[in-house]
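Notes to accompany the following structure.
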Amino acid sequence: MSILVAEILGTMLMILLGNGVVANVVLKGTKGNDSGWIVITTGWALAVFVGVIVAGPSSGAHLNPAVTVGLAVAGKVSWSLVPEYIAGEMIGAMLGSFLVWVFYRDHFNATDDEGGKLACFSTGPAIKNTFSNMMSEIIGTFVLVFVIFYLAGPSLDIMGEVDARAIIGLGSIGAVPVAFLVWVIGLSLGGTTGYAINPARDLGPRIMHAILPIKGSSDWGYAWIPIVGPIIGCVLAALLFAALM
């Protein structure tokens, strides 16, 4: 598979299962209704595992523009590949969230809570505070990307496009450690904003929420935070890693 196709498929599966577990917990009348935060964070960790397994061999399974940009800033993936990665991540996120809506359509229709329905697509703050919400996304993404560098191994220093496709990314470190990393970020740092830590994961589904026939605001006033925060976090992680190494 090309980078584009691999990132589309991997991200689509990650969002289908990740936002799917949110829908199962939040929406009215599901078998998993009100089963709690542990279920959500565990589902998201396993969703990342599935996405990495599928996309890893072909693209390295970034599945996240923050990971892609962080690797590029650190000199571990060519900047020429960044647009293709991000395009795949965005398309995959939109497709995955569309499939969540198709799968849970009856339960979306049965649910009156507009905020709960939005939560099945994108993140939102538990307490609205621009500075605090931004710091949550910066710190959460910093942890994600910084630890990924160490899981991937400091000896990797690939600039060529072919090597970047074959080696660099989440696929090179194995899916299980990444799943545990996402799980602990959700458990420890996810309570403030829902831990987007991924611009495509939030923006793609938010766009679909605005397009699909779902009542309620898509909260575009907040939407920039899970985009800007993760980008700042990944750049800081890459710069610190480069300085240390």
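Per-structure values
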{"read-out": "When residues of region 121-173 are limited to those that are more than 28 Å from residue 193 (Cβ to Cβ), exposed (fewer than 15 other Cβ atoms within 10 Å of the Cβ) and of a type in the set (Gly, Ala, Ser), the one modelled with the highest pLDDT", "value": "153"}
{"read-out": "Any hit, region 181-190, residues being part of a loop (DSSP other than H, G, I, E, B) and either among the acidic types (Asp, Glu) or at pLDDT 50 or above (or both)", "value": "yes"}
{"read-out": "Out of 77, 67, 48, sole residue that is closer than 25 Å to residue 103 by Cα and touching a Gly at 6+ places or on another chain (Cβ under 9 Å)", "value": "48"}
{"read-out": "Region 198-227 residues that are touching a residue at least 40 places away in the same chain (Cβ under 8 Å) and over 25 Å from residue 138 (Cα atoms), paired with ones that are in a loop (DSSP other than H, G, I, E, B) and aromatic (Phe, Trp, Tyr) (beta carbon under 9 Å, 6 or more apart)", "value": "212/121; 214/121"}
{"read-out": "Boolean, residue 178 is assigned to a helix (DSSP H, G or I), within 13 Å of the chain's Cα centre (by Cα), among the hydrophobic types (A, V, I, L, M, F, W, C) and modelled with pLDDT under 95", "value": "yes"}
{"read-out": "Qualifying residue in region 34-43 (condition: over 22 Å from residue 192 (Cβ atoms) and of a type in the set (D, E, K, R))", "value": "no"}
{"read-out": "Number of the condition not met by residue 95 [criteria: (1) within 30 Å of residue 28 (Cα to Cα); (2) more than 18 Å from the chain's Cα centre (by Cα)]", "value": "(2)"}
{"read-out": "Residues of region 92-126 satisfying the condition of being closer than 24 Å to residue 62 by Cβ and aromatic (Phe, Trp, Tyr)", "value": "98, 121"}
{"read-out": "Qualifying residue in region 113-133 (condition: polar (S, T, N, Q), over 16 Å from residue 203 (Cβ atoms) and assigned to a helix (DSSP H, G or I))", "value": "yes"}
{"read-out": "Residue list for region 186-197, restricted to those being within 14 Å of residue 135 (Cα to Cα) and either among the β-branched types (Val, Ile, Thr) or free of Cβ contacts under 8 Å to residues at least 24 places away in the same chain (or both)", "value": "192, 193, 197"}
{"read-out": "Every pair of residues 6+ apart whose Cβ atoms lie under 9 Å, when the first sits in region 81-103 and is under 8 Å from residue 12 (Cα atoms) and at pLDDT 95 or above while the second is among the β-branched types (Val, Ile, Thr) and surrounded by fewer than 18 Cβ atoms within 10 Å (Cβ to Cβ)", "value": "94/211"}
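The values are calculated or read from the model by the stated rules, or taken from the named source; none is laboratory data. Keep in mind that this is a model prediction, so the values were computed, not measured. Every residue, glycine among them, receives a Cβ derived from its backbone with ideal geometry; neighbour counts consider all protein chains shown.
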